[in-house]
Amino acid sequence: MAGRVPITVAYGDGIGPEIMEATLRIIQAAGANIEIETIEIGEKVYLRGVETGMEPGAWDSLRRTKVFLKAPITTPQGGGYKSLNVTVRKALGLYANVRPCVSYHPFVRTKHPNMDVVIVRENEEDLYAGIEHRQTDQVYQCLKLITRPGSEKVIRYAFEYARVHNRKKVTCFVKDNIMKLTDGLFHKVFDEIAAEYPDIEHETWIVDIGAAKLADTPEQFDVVVMPNLYGDVLSDVAAQIAGSVGLAGSANIGEHFAMFEAIHGSAPRRAGQNLANPSGLLLAAVMMLVHIGQPDVAMRVHNAWLKTIEDGIHTYDIFKEGVSRQKVGTREFADAVIDRLGEQPQVLKPVSYGTSESLSLWRKKDRPKAEKRLVGVDVFLDWDKGSPNDLGNSLSQVSAGPLQLRVITNRGVKVWPDGLPETFCTDHWRCRFLGREGEDVQPAHVVQLLERVIQAGFDPIKTENLYLFDGVPGFSAVHG
Ligand code: NAD
């Protein structure tokens, strides 16, 4: 067939080969115009000593095809094995994780019969940058990184997805009442991009109450976009309350690559018995077909699958006496979907797809850089020699150029000057030095200050420079 789209396929472990075989059979019967390159990943590769779990040639295939349909794998027990998903996500720059969470009432048991939510999770940054440090005997930290381009990419993707899939609303979840700079940036970028999509409603919720509403009344949400950690937690909650973790597929989208997979694992105990439900991987393949510009095939497959579900042809995991009509194995389920290609569901809502080739995705824009001015430094100390007043009194004797001690906090709480004696203190102190009014602070002053702090017998464990960007503080204020 002319113009076949090359895709990379991995059959994975456990039930992986069976559900992949069923999925490929269905989409090819529906007319998917694809050329399959198979790669080996997972347990066998790990056990051969490849710590990423992917054979070396796999990357060449992925670089060629840029589209990856992946079955679940088994991560061997014991330490030392890198998460294959995290490796692929980072290596291929897959910035958006898209997970439709749909209920199929009355055919699959759910508390939320009208749920149809798509979670779009930022996939590369936030607390998942993996930058952690132990700084003192008592204190450990994990760096939360939110970037403007990272936020722009995923938020624009959410709006474009909404437009192509005829969705009405995009909701943003953040915690910017607390994390004013990081989550504040995500919120700000959301508002900026929302303004470019006047045809799509938008709203923002603080993640705690937003999550509670999502779990209680998911039918009020449509597309929901959020930073990595909230998305990690809430995409599982959403899939679970739809009643169908085993039925959900997901897409990992990058600028140049995309990966599609079921959300469940390799279910080793069910492997090789023709029992597993191939639906999660099949619905991931439907997303892949939209992605590679074959929305008509995607629609045929998805509607035939919906018809199979409503005809009560169910694998063991969703089989329910009184609702289901026939309990089938993986192969027979695939046959039933193929038999229904060209049919539409009668009770469940049929789907229709536009092509995601028309998505207008993130492009690097030349933005004027903000003017950055150094105004001070936070010096963090490892110290356990006395009270906050002892620390403040000796440290206020130390200065460099215009830099003078203004305030000390412990776990973010002000303890000097005028702290409360009741405040619990650890061995981790943030000492904020600011320049005197009207005097410029130079990087050399920071170095000089550190030398003097060390000479005075203290143990600085890190510093954070304090900048104004176009006159706006790029650091959180100290309250109290
Ligand atoms: P799992 O998702 O494999 O299984 C959880 C439960 O759901 C089991 O009872 C299983 O039988 C059932 N189940 C899952 N998929 C099913 C399907 N398609 N049809 C019918 N029943 C199904 O989770 P687990 O048991 O925690 O993990 C097993 C292995 O999978 C582990 O090695 C884990 O590391 C791996 N895993 C891989 C991925 C991935 O590759 N993306 C994701 C999650 C877990």
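Please go through region 112-160 and pick out each residue that is among the hydrophobic types (A, V, I, L, M, F, W, C) and without any contact (Cβ under 8 Å) to a residue 40 or more places away in the chain. ALA129, ILE131, CYS142, LEU143, LEU145, listed by residue number. The residues of region 305-343 that are in a helix (DSSP H, G or I) and of a type in the set (Lys, Arg), listed by number, are LYS307, ARG331. Between ALA304, ALA285, ALA298, the distinction of being aliphatic (A, V, I, L, M) and either within 16 Å of the ligand (Cβ to nearest atom) or outside the structural domain of THR87 (by TED's automatic domain parsing) (or both) belongs to ALA285 only.
Any idea how many residues of region 87-124 are in a loop (DSSP other than H, G, I, E, B), within 23 Å of LYS66 (Cβ to Cβ) and of a type in the set (D, E, K, R)? Within region 87-124, residues that are in a loop (DSSP other than H, G, I, E, B), within 23 Å of LYS66 (Cβ to Cβ) and of a type in the set (D, E, K, R) number 1. Is it true that ALA258 is assigned by TED's automatic domain parsing to the domain that holds THR87, within 16 Å of the ligand (Cβ to nearest atom) and over 23 Å from MET115 (Cβ atoms)? Considered against the rule, which asks whether it is assigned by TED's automatic domain parsing to the domain that holds THR87, within 16 Å of the ligand (Cβ to nearest atom) and over 23 Å from MET115 (Cβ atoms), ALA258 comes out as yes.
The set of residues in region 345-391 being farther than 30 Å from GLU255 by Cβ and of a type in the set (Phe, Trp, Tyr) consists of PHE380, TRP383.
Taken residue by residue, region 336-346 has no member that is in contact (Cβ under 8 Å) with a residue 60 or more places away in the chain, over 24 Å from the mean Cα position of the chain (by Cα), crowded, with 23+ Cβ neighbours inside 10 Å and more than 16 Å from the ligand (Cβ to nearest atom). Among residues of region 267-277 being in a loop (DSSP other than H, G, I, E, B) and surrounded by fewer than 22 Cβ atoms within 10 Å (Cβ to Cβ), the one that is nearest to the ligand (Cβ to nearest atom) is ALA267. Screening GLY231, GLY280 for residues that are within 13 Å of the ligand (Cβ to nearest atom) and either within 21 Å of the chain's Cα centre (by Cα) or polar (S, T, N, Q) (or both) leaves exactly one candidate, GLY280. Here VAL441 clears all of (1) among the β-branched types (Val, Ile, Thr); (2) assigned to a helix (DSSP H, G or I); (3) surrounded by 15 or more Cβ atoms within 10 Å (Cβ to Cβ) except the condition numbered (2).
Among the residues making up region 94-112, a single one is surrounded by fewer than 15 Cβ atoms within 10 Å (Cβ to Cβ) and either at pLDDT 90 or above or touching an Asp or Glu at 6+ places or on another chain (Cβ under 9 Å) (or both): PRO106. Taking first residues from region 194-206 that are within 21 Å of ASN166 (Cβ to Cβ) and partners that are aromatic (Phe, Trp, Tyr) and surrounded by 10 or more Cβ atoms within 10 Å (Cβ to Cβ), the Cβ contacts under 9 Å between residues at least 6 apart in sequence or on separate chains come to ALA194/PHE159; GLU196/PHE159; TYR197/PHE159; ILE200/PHE159; HIS202/PHE159; HIS202/PHE190.
The values are calculated or read from the model by the stated rules, or taken from the named source; none is laboratory data. Quantities reported herein were computed from a predicted structural model and do not represent experimental measurements. Cβ coordinates were reconstructed from backbone atoms using ideal geometry, including for glycine residues, and neighbour counts include every protein chain displayed.
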